[in-house]
Amino acid sequence: MKIRYAALGASAIAGLAVFGLAPAAFATGVVTPPAGAEPPDYSACTVNRDWGQVCYAPDGDNVWVADLSADGHRTVGVWSTSDGKSGECYNLAGNGHWLYCDYHLKEDEVIVFQAQLREGETILDTSPWASTFV
């Protein structure tokens, strides 16, 4: 599996508290790509955790979410943009699968994103935040 990383800027960290209260961006839906599909090579990604990973692909405004462990929990991609949009993309496909949520985000904004391991709404673990430009 490919591992790609994105750096988190200090300005993105400072804005996280504001972003948490923002309305969600328009999503066209969750897409389950063909078996074996992964985010494009140019995607920015969180650190790969043994249970999951989240990537953002600017060409298409897709938030990719991988479930990498057969642990009965779900992997969630949580994100916010510098213009106040935010959302969550859930991987319900299970272990070994990537899926993505297709959004329509404003260009030239910063997006910060994180992978979360959840049992229901309870957060069990998180990746460090990552960021890139929309």
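Readers should treat all values here as calculations from the given coordinates under stated rules, not as data from a laboratory. In this text, all values refer to a predicted model and were calculated from it rather than measured experimentally. Glycine gets a Cβ as well: all are built from the backbone with ideal geometry, and neighbour counts include every protein chain shown.
Measuring nothing but alpha carbons in the stretch 70-134 and taking Rh as the Kirkwood radius, the Rg to Rh ratio lands at 0.99.
Neighbour counts of C-beta atoms inside 10 Å place VAL65, VAL78, VAL47 in the sequence VAL47, VAL78, VAL65, starting with the fewest. Principal semi-axes of the equivalent ellipsoid, √(5λ) from the alpha carbon gyration tensor of the stretch 23-110, are 21, 13, 12 Å from largest down.
Taken along the Cα-to-beta-carbon direction at a fixed 7 Å, the label points for ILE123 and ALA35 span 3.5 nm.
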